[in-house]
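The values are calculated or read from the model by the stated rules, or taken from the named source; none is laboratory data. As the structure is a prediction and not an experimental result, all values here were calculated from the model. Positions of Cβ are generated from backbone atoms using ideal geometry, with glycine treated the same way; all protein chains shown enter the neighbour counts. We work out accessible area using only protein heavy atoms, side chains counted, and drop any ligands, DNA or RNA first. Shrake-Rupley method; radii C 1.70, N 1.55, O 1.52, S 1.80 Å.
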Amino acid sequence: MSGARLAPLVTMRVAGFLRTGRFIPPLLAALVLLSILYGGGQADAAEAYGVSALLMFPVLAWQTKLLLDAEPDVQRRLAVVALRSRRREAVAGLLAASVIAVPAVIIALGLPWVVNGVKHAHAGTGLLLGLWAHAIVLPPALAVGAWSSRVIATTAGRATAVLVGGAVLGLVLGLSGSPVPWLAPPLMGAARALANGIGAGALGGFTGWALVWSALVLAGYGWLRRTRA
Amino acid sequence: MRLDEVSFRYGRRTAWVLSEVTVDIGDGEVVVVRGRNGAGKSTLLQMMAGVLQPTRGRILDRPSRVGWVPERFPAEQPFTVSGYLAAMAALHGAGSPAPWIDRLGLAPFRTVKLAELSKGTAQKVGLAQALICRPQLLVLDEPWEGLDAAARDLVPDIVAEIVAAGGSVIVSDHRGDTARLPEATEWTVDGARVTPERAEKARTGADTPWLIEVAAGDGPAAVAALRAAGHEIIRVRA
């Protein structure tokens, strides 16, 4: 019964996020970035989606932060009391952030076909690889967004530093010459692999890497949330 | 429910708000928490409600259904009164909030957005969201703050109903409104310590007479009912 009660909280948070119009700034940012990406002519779908996923990483992280910060602190505490669990309340927040990421990813996947930004050769494979590229970006984006939320960062300045720092480091540390690429989620590596032709082994490796990185960062978020309601 | 050697501070470098607090609240018990502003009353209440986790110590046997009325209801939300209460009822796994909407006089505000409510009406919504789960523990942080006279009179009735059902109620108050709860036990928060005191009834003397005024026509019936309930009637004057 208590598990089933996550759904009403997820619904409530998504509704609050949409009704307050907080979805508009990240949506506009996504449209601007994707327009720049696809404004220069046609590219191979898999390669283009690799870059698109990189661009969506900070957008999805920002969107996550905005969703988690949409409700007042006291309302978040009322949800903790209702669910009798800080952990379930935190999980509901991440699930709600995942829900609102779906339309953003659909836009990122669909837009290049609308604006004729990708080559139609191997469209099915390209679309599947694009879905995979955006899917492995989502967990790290949720993790960075969660760390920049008000309940953890506490001040606007710190939240901005965490969000921007996390997004930038997530990309910079993944550059091909990086001495510590394992500190970042495998976003740059996946984009490079998509541009050069990716094999099944690499798909599994990058997926595992993204999941382990996100699990570790989200575990830190969960550990802090034990005492922060 | 028991707080066992509970201590709390908001950060590693901050002072202890509560230190080594051990208190019990029994089934059917009403506790009034007193203390100056900033003494830690709200912190204590939020720990009892399950909002805050003790830094040290344990909280044992917290009931499964808890209602918490925060000192200030967060009205800056994009929901109508009925939409919000329906959502909170779903979170609690409770039934329809309609009975509490009617009882607290919120029916005319069903379709009004929370942000457009007056402070007192918003506080009623805060009260309603805590009651829809039929709480076994009701935690009220300054519940009379901002309420109109009718709603203020309703709070003791609600407390009595929860107690009659075997539930417990803990109330903080700095305005003296808890005189409306004469059977309550009193806890004083001061210097990071919580000191339980004798029940208010015992402190003020169980023999202290009460003056009750009723309409003239209802007098004989009221006297008979009070006697039937075991009360001693000292004097009746028309």
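Looking only at the range B:74-104, count how many residues are assigned to a loop (DSSP other than H, G, I, E, B) and either more than 11 Å from chain A (Cβ to nearest Cβ) or not charged (D, E, K, R) (or both). I'd like the intermediate steps shown before the answer.
Filtering the range B:74-104 down to residues assigned to a loop (DSSP other than H, G, I, E, B) leaves B:74-79, B:93-97, B:104.
Cutting the leftovers down to either more than 11 Å from chain A (Cβ to nearest Cβ) or not charged (D, E, K, R) (or both) gives us B:74-75, B:77-79, B:93-97, B:104.
Number satisfying all stated conditions: 11.
Assess whether A:Ala219 counts as being of a type in the set (Gly, Ala, Ser), assigned to a helix (DSSP H, G or I) and surrounded by fewer than 19 Cβ atoms within 10 Å (Cβ to Cβ). It would help to see each step written out before you state the result.
Working: of a type in the set (Gly, Ala, Ser): yes; assigned to a helix (DSSP H, G or I): yes; surrounded by fewer than 19 Cβ atoms within 10 Å (Cβ to Cβ): yes.
For A:Ala219, the condition - of a type in the set (Gly, Ala, Ser), assigned to a helix (DSSP H, G or I) and surrounded by fewer than 19 Cβ atoms within 10 Å (Cβ to Cβ) - is met.
Exactly one residue out of A:Leu18, A:Leu33 is out of contact with any His (no Cβ under 6 Å at 6 or more places or on another chain), away from chain B (no Cβ under 14 Å) and in a helix (DSSP H, G or I), and it is A:Leu33.
Every residue in the range A:125-142 that is more than 23 Å from A:Trp213 (Cα to Cα) and either open to solvent by less than 50 Å² (accessible area, probe 1.4 Å) or acidic (Asp, Glu) (or both), please. The one that is more than 23 Å from A:Trp213 (Cα to Cα) and either open to solvent by less than 50 Å² (accessible area, probe 1.4 Å) or acidic (Asp, Glu) (or both): A:Gly126. Listed conditions (1) open to solvent by 30 Å² or more (accessible area, probe 1.4 Å); (2) within 23 Å of the chain's Cα centre (by Cα); (3) not hydroxyl-bearing (Ser, Thr, Tyr) are all met by A:Lys119, apart from (2). Restricting the first member to the range B:104-122 and to residues that are among the aromatic types (Phe, Trp, Tyr), and the second to residues that are part of a helix (DSSP H, G or I), the beta-carbon pairs closer than 7 Å and six or more apart or on different chains are B:Phe109/B:Val81; B:Phe109/B:Thr121.
Would you mind finding the one in A:Leu60, A:Leu109, A:Leu33 that is surrounded by 21 or more Cβ atoms within 10 Å (Cβ to Cβ) and on the phi < 0 side of the Ramachandran plot?
Numbers: A:Leu109 fails: surrounded by 21 or more Cβ atoms within 10 Å (Cβ to Cβ); A:Leu33 fails: surrounded by 21 or more Cβ atoms within 10 Å (Cβ to Cβ).
After applying the criteria, what remains is A:Leu60.
Per the listing B:Glu161, B:Glu116, the residue uniquely closer than 20 Å to B:Arg72 by Cβ, surrounded by fewer than 18 Cβ atoms within 10 Å (Cβ to Cβ) and at pLDDT 90 or above is B:Glu116.
So is A:Ala43 away from chain B (no Cβ under 14 Å), open to solvent by less than 20 Å² (accessible area, probe 1.4 Å) and not polar (S, T, N, Q) or not? For A:Ala43, the condition - away from chain B (no Cβ under 14 Å), open to solvent by less than 20 Å² (accessible area, probe 1.4 Å) and not polar (S, T, N, Q) - is not met. Residue count for the range B:37-59 satisfying the condition of being away from chain A (no Cβ under 12 Å), under 17 Å from the mean Cα position of the chain (by Cα) and in a loop (DSSP other than H, G, I, E, B): 1.
So which of A:Pro112, A:Pro103 ends up being in contact with a strand residue (DSSP E or B) (Cβ under 7 Å, 6 or more places away or on another chain), more than 25 Å from A:Ala156 (Cβ to Cβ) and not in a loop (DSSP other than H, G, I, E, B)? Talk me through it step by step, then tell me what you get.
On the way: A:Pro103 fails: in contact with a strand residue (DSSP E or B) (Cβ under 7 Å, 6 or more places away or on another chain).
One residue alone meets the criteria, A:Pro112.
The single condition among (1) in contact with a Gly (Cβ under 8 Å, 6 or more places away or on another chain); (2) more than 30 Å from A:Arg19 (Cα to Cα); (3) outside any loop (DSSP other than H, G, I, E, B) that B:Gly28 does not meet is (3).
Taking each residue of the range B:48-76 that is assigned by TED's automatic domain parsing to the domain that holds B:Gln129 and among the aromatic types (Phe, Trp, Tyr) and looking for partners that are surrounded by fewer than 18 Cβ atoms within 10 Å (Cβ to Cβ) and in a loop (DSSP other than H, G, I, E, B) with beta-carbon atoms closer than 9 Å, six or more apart or interchain, yields nothing. Among the residues of the range A:63-94, which ones are open to solvent by 10 Å² or more (accessible area, probe 1.4 Å), free of Cβ contacts under 8 Å to residues at least 60 places away in the same chain and facing another protein chain (nearest Cβ under 7 Å)? Once the filter is applied, which keeps residues that are open to solvent by 10 Å² or more (accessible area, probe 1.4 Å), free of Cβ contacts under 8 Å to residues at least 60 places away in the same chain and facing another protein chain (nearest Cβ under 7 Å), the range A:63-94 yields A:Glu71, A:Pro72, A:Val74. Apart from one condition, B:Asp153 fits all of (1) in a helix (DSSP H, G or I); (2) at pLDDT below 80; the exception is (2). Selection of the range B:156-178 for residues being among the hydrophobic types (A, V, I, L, M, F, W, C) and not in a loop (DSSP other than H, G, I, E, B) yields B:Ile158, B:Val159, B:Ala160, B:Ile162, B:Val163, B:Ala164, B:Val169, B:Ile170, B:Val171. Among the residues of the range B:84-113, just one is of a type in the set (Val, Ile, Thr) and open to solvent by less than 30 Å² (accessible area, probe 1.4 Å), namely B:Ile101.
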